[in-house]
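A.B. asks: What follows is a single structure, and I will ask about it in a moment.
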Number of protein chains: 4
Amino acid sequence: MTGPRTSGKKRANGVESRQRILDAAVAIAGERGYDGTSIAAVSARCGLPASSIYWHFRDKDDLIAAVIERSFETWLAAVELPGEEAGTPLDRAMIMAANVAKSLVNEPDFLRLGLMLALERRPEEPRSRTVFFQVRHIARQRIEEVVRFVLPQLDEDAVRLLTTYAIAGADGLFVQREFNGDSVDLVEMFQFHARLVYETGVRMAAERAR
Amino acid sequence: MTGPRTSGKKRANGVESRQRILDAAVAIAGERGYDGTSIAAVSARCGLPASSIYWHFRDKDDLIAAVIERSFETWLAAVELPGEEAGTPLDRAMIMAANVAKSLVNEPDFLRLGLMLALERRPEEPRSRTVFFQVRHIARQRIEEVVRFVLPQLDEDAVRLLTTYAIAGADGLFVQREFNGDSVDLVEMFQFHARLVYETGVRMAAERAR
Amino acid sequence: MTGPRTSGKKRANGVESRQRILDAAVAIAGERGYDGTSIAAVSARCGLPASSIYWHFRDKDDLIAAVIERSFETWLAAVELPGEEAGTPLDRAMIMAANVAKSLVNEPDFLRLGLMLALERRPEEPRSRTVFFQVRHIARQRIEEVVRFVLPQLDEDAVRLLTTYAIAGADGLFVQREFNGDSVDLVEMFQFHARLVYETGVRMAAERAR
Amino acid sequence: MTGPRTSGKKRANGVESRQRILDAAVAIAGERGYDGTSIAAVSARCGLPASSIYWHFRDKDDLIAAVIERSFETWLAAVELPGEEAGTPLDRAMIMAANVAKSLVNEPDFLRLGLMLALERRPEEPRSRTVFFQVRHIARQRIEEVVRFVLPQLDEDAVRLLTTYAIAGADGLFVQREFNGDSVDLVEMFQFHARLVYETGVRMAAERAR
DNA sequence: AATGAATGAGGATTCATTCAT
DNA sequence: AATGAATGAATCCTCATTCAT
């Protein structure tokens, strides 16, 4: 019954505490945004006193930046381009689109928080916002690569345009779902979007060839 | 002793004060969101004491709801479908897309605030959020009408799908611009988007006809 | 028995509240210095909630600066140079020295706080410290005038030197009393000091004449 | 397993750590006073974690008391009465005055902290304050001895008076310099003061002889 | 129509200190 | 000899709101 005593509750375990705090913070920040996330609320949710949060993070901004960093890693892992066995390049892109949609349905906090952060404009830009832009940039490069891979005939300007458009559609559809709830089938919409972007790309390449 | 004094410096002008408050509130709420908008900040920006704000608005929530309502009206006026003299239905839709883009560039506060409001999730939904959903619904109907007008052959499901997609693209591109600043030409992107939606509609109609 | 209802307790009376806050703040800051003066303590002593203090003063620094300003005025009023009927210039200076000593015994808070403020060195100089230096400068000019009046033969360099020395002695004797309590007769020491400074001045003037 | 490891990187050197902590503490306490000195700040400055400070010192008060003790020793060493080869008793006292002035210019932290401590009045007197009074008392005796040595004809009351006055002048001039910065030549002022005290002593002795 | 003053609740953050390792 | 982690109490200050005038 006693088993191997995983942690002994009261004995200092920095790593685990840090995770508990981050878990609480994602949940709250993902729902309430930067200003709406109070340290007291995070403290209440993770069970550690507010002052302990300050042992692990310099300040609220640092905490939220860490939230972004961690959720991005999780998210990134979930959205790899599938291997060749998955079919044609388009097939593989469609599967990826579905995967991204699914990950956004299951863990919407990352993008929700990110979008709120991005929309806000305050006198002194918080570090967390900068961090979101950074990871966002990485994500964008990932998508650019996929576009280049699926539509190799496109020139760089077209790749950039399509990528921008692809991301905009994804963000917009995500927002739509936040509005309308489950009535929006995000997977379906993402695939619709992906096909449209693909077809547009094909047409652009064709026009270029002429 | 003094009689009914019609105007006179401090004798107040309710309407104007209300406008001043709203002007301050749009600016702040459009940049900082709901939680980030403090009555004190609005008071400082409009020059009226906080207590005066409470004379005009029941509470903070009421104020922000009023902000949404007013900016929506302004916005709505700016985005009429142009008259017949503007050319074919598609031409007219393209002009409208450009107009919407321009209005978002000039007055981004309305949509920025709306999106922040929509993304937030809090225990007791604020009235301002509901109001945003309401006006958003009106806007959606407007766009549905345009879709129906431009692509009369489409069935209702397709109209809804296209409308959803059209709005998503618009939101997404707006967000993109908030990220990347002026480097994104919103008018151009909106027209790109409009054409794409239109062509998709045409293809859907053709498929249906078969 | 009811009398003319001076204030009605709960009805807003800004001026009086401000005084109550300042009264509390002098007492505490005069004993504990800048860092030792907590808003909560001031609040407890004056009976107004902490948030009310912030209605009257921008922040703690502003409050303490106001404390300095007000106590300086009080102090200044107490230390006029007596009129001619008081005797020779020296007699009058001696009386003034005694008066200063008495005022410091009765209300030591002003100087005690000021000295603490002056001794502290922090990254960003608080406004209250600057204010103390300002009023201190005024006080110095006052004393310079007295020196000039009592020892008209002195050149300006000598006036400055004697003034510096006079103030240093006053400060030092005050500190001494803070150490040793009532065992130091401040009035007596101030007069001893005043006479010494005077005699030195006389000797300096004589030397100069040669 | 490892045996008694004599030194080895992290094997700690109690004495040195203690010194590092004290070094950091003098600097901070000398600038910010008792309340303004936080353990966290000392920790940051000396590089050791806060908990290590508590290994060396019982509590903050104990730390500051130790600061006083150590700096007093340093200070005391710097201000010996020069030997006979330095000239007449007055010459020697003048040299000593200059030395004291120099030591205060070079290491003002000791006296600055001490004066702040002395001026503060708090409910439960901190041990550090008591310690300052103790060392201050030792310093006072030293000076009394010098006065007695330089002016052997004086009675005890006069010695005490002159000593009090001498210290007051020293403190006051030190404070003056804290106010006005380098524009006050402390060495010069201390010698001016010393001469004045000496001459006063001579006159007092003469009066007594009569 | 407007406002000066007040206020309790809550905001982020720092404090001195402890304790198991 | 030292330290990572934790913690309750206190810090300054802002919040939305009220109310008598």
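The values are calculated or read from the model by the stated rules, or taken from the named source; none is laboratory data. All values derive from a computational prediction rather than experimental measurement. Every residue, glycine among them, receives a Cβ derived from its backbone with ideal geometry; neighbour counts consider all protein chains shown.
A.B. asks: Filter region A:46-62 for residues that are away from DNA strand E (no atom under 12 Å from the Cβ) and surrounded by 15 or more Cβ atoms within 10 Å (Cβ to Cβ) and give the result. Break it down stepwise before answering.
C.D. replies: Of region A:46-62, the ones away from DNA strand E (no atom under 12 Å from the Cβ) are A:46-47.
Matches in region A:46-62: A:CYS46 only.
A.B. asks: Shifting gears a bit: Could you grab me the full set of residues in region A:184-202 that are more than 9 Å from every other protein chain (Cβ to nearest Cβ) and not aliphatic (A, V, I, L, M)?
C.D. replies: A:ASP185, A:GLU188, A:PHE190, A:GLN191, A:ARG195, A:TYR198, A:GLY201
A.B. asks: How many residues are within 13 Å of DNA strand E (Cβ to nearest atom) and either modelled with pLDDT of 95 or more or touching a Cys at 6+ places or on another chain (Cβ under 9 Å) (or both) if we restrict to region A:12-23?
C.D. replies: Narrowing region A:12-23 to residues within 13 Å of DNA strand E (Cβ to nearest atom): A:12-14, A:21.
Pick out the ones that are also either modelled with pLDDT of 95 or more or touching a Cys at 6+ places or on another chain (Cβ under 9 Å) (or both) and you get A:21.
Count: 1.
A.B. asks: Going by what's in this entry, would C:ILE53 be described as of a type in the set (A, V, I, L, M, F, W, C), in a helix (DSSP H, G or I) and more than 13 Å from chain D (Cβ to nearest Cβ)? First the steps, then the outcome.
C.D. replies: Values: of a type in the set (A, V, I, L, M, F, W, C): yes; in a helix (DSSP H, G or I): yes; more than 13 Å from chain D (Cβ to nearest Cβ): yes.
In short, yes.
A.B. asks: Follow-up question, since we're still on this one. Taking the criterion of being in a helix (DSSP H, G or I), within 14 Å of another protein chain (Cβ to nearest Cβ) and within 15 Å of DNA strand E (Cβ to nearest atom), would at least one residue in region A:103-110 satisfy it? Spell out the reasoning first.
C.D. replies: Step one: of region A:103-110, the residues in a helix (DSSP H, G or I) are A:103-106, A:109-110.
Checking the rest, the ones that are also within 14 Å of another protein chain (Cβ to nearest Cβ) come to A:104, A:109-110.
Keeping just the survivors that are within 15 Å of DNA strand E (Cβ to nearest atom) gives none.
No, every residue in region A:103-110 fails to be in a helix (DSSP H, G or I), within 14 Å of another protein chain (Cβ to nearest Cβ) and within 15 Å of DNA strand E (Cβ to nearest atom).
A.B. asks: Considering each residue of region C:63-88, count those that are in contact (Cβ under 8 Å) with a residue 24 or more places away in the chain and either within 16 Å of DNA strand E (Cβ to nearest atom) or outside any loop (DSSP other than H, G, I, E, B) (or both), and give that number.
C.D. replies: First pass over region C:63-88, keeping only residues in contact (Cβ under 8 Å) with a residue 24 or more places away in the chain: C:63-72, C:74-76, C:78-79, C:81.
Those left that are additionally either within 16 Å of DNA strand E (Cβ to nearest atom) or outside any loop (DSSP other than H, G, I, E, B) (or both): C:63-72, C:74-76, C:78.
Here the count works out to 14.
A.B. asks: Just wondering, is there one or more residues in region A:139-156 that are under 20 Å from the mean Cα position of the chain (by Cα) and either closer than 25 Å to B:THR37 by Cα or within 11 Å of chain B (Cβ to nearest Cβ) (or both)?
C.D. replies: Of the residues in region A:139-156, the ones under 20 Å from the mean Cα position of the chain (by Cα) are A:139-147.
The next check asks that each one be either closer than 25 Å to B:THR37 by Cα or within 11 Å of chain B (Cβ to nearest Cβ) (or both); those that pass are A:140.
There is at least one residue in region A:139-156 that is under 20 Å from the mean Cα position of the chain (by Cα) and either closer than 25 Å to B:THR37 by Cα or within 11 Å of chain B (Cβ to nearest Cβ) (or both).
A.B. asks: If C:ASN99 passes every condition in (1) closer than 25 Å to C:ARG70 by Cβ; (2) crowded, with 21+ Cβ neighbours inside 10 Å but one, which one does it miss?
C.D. replies: Failing condition for C:ASN99: (2).
A.B. asks: Just to be sure, is A:ARG32 touching a His at 6+ places or on another chain (Cβ under 6 Å), part of a helix (DSSP H, G or I) and at negative phi?
C.D. replies: Values: touching a His at 6+ places or on another chain (Cβ under 6 Å): no; part of a helix (DSSP H, G or I): yes; at negative phi: yes.
When the stated conditions are applied, A:ARG32 does not pass them.
A.B. asks: Would you confirm whether any residue within region A:49-62 is closer than 23 Å to A:ASP171 by Cβ and touching a residue at least 60 places away in the same chain (Cβ under 8 Å)? Before you say what the answer is, go through the steps one by one.
C.D. replies: Quick first cut of region A:49-62, residues closer than 23 Å to A:ASP171 by Cβ only: none.
No, the conditions are met nowhere in region A:49-62.
A.B. asks: Within the bounds of region D:89-97, is there any residue that is modelled with pLDDT under 95 and either within 30 Å of D:GLY14 (Cα to Cα) or within 16 Å of DNA strand E (Cβ to nearest atom) (or both)? Give the steps one after another, and end with the answer.
C.D. replies: Going through region D:89-97, the residues modelled with pLDDT under 95 turn out to be D:89-97.
After this cut, where a residue has to be either within 30 Å of D:GLY14 (Cα to Cα) or within 16 Å of DNA strand E (Cβ to nearest atom) (or both) as well, the list is none.
Looking for residues that are modelled with pLDDT under 95 and either within 30 Å of D:GLY14 (Cα to Cα) or within 16 Å of DNA strand E (Cβ to nearest atom) (or both), one finds none in region D:89-97, hence no.
A.B. asks: Based on this model, can you work out whether B:ILE39 counts as surrounded by 16 or more Cβ atoms within 10 Å (Cβ to Cβ) and within 14 Å of DNA strand E (Cβ to nearest atom)? Even if it seems obvious, please write down each step before you answer.
C.D. replies: Values: surrounded by 16 or more Cβ atoms within 10 Å (Cβ to Cβ): yes; within 14 Å of DNA strand E (Cβ to nearest atom): yes.
So B:ILE39 fits the description; yes.
A.B. asks: Here's something else I'd like to know. How about region C:96-129: which of its residues are in contact (Cβ under 8 Å) with a residue 24 or more places away in the chain and among the polar types (S, T, N, Q)?
C.D. replies: C:SER103, C:SER128
A.B. asks: While we're on this one: Of the conditions (1) in a helix (DSSP H, G or I); (2) more than 30 Å from D:VAL146 (Cα to Cα); (3) modelled with pLDDT of 95 or more; (4) within 16 Å of DNA strand F (Cβ to nearest atom), D:LEU48 satisfies every one except a single condition; which number is it?
C.D. replies: (1)
A.B. asks: A further question follows. Being touching a His at 6+ places or on another chain (Cβ under 8 Å) and either within 11 Å of chain C (Cβ to nearest Cβ) or within 21 Å of D:GLY114 (Cβ to Cβ) (or both) narrows it down to one residue among D:GLY181, D:GLY169; which is it?
C.D. replies: On the way: D:GLY181 fails: touching a His at 6+ places or on another chain (Cβ under 8 Å).
Only one candidate qualifies: D:GLY169.
A.B. asks: Taking D:ARG121 as the residue in question, decide whether it is modelled with pLDDT of 95 or more and within 21 Å of D:ASP35 (Cα to Cα).
C.D. replies: Working: modelled with pLDDT of 95 or more: no; within 21 Å of D:ASP35 (Cα to Cα): yes.
Criteria not met by D:ARG121.
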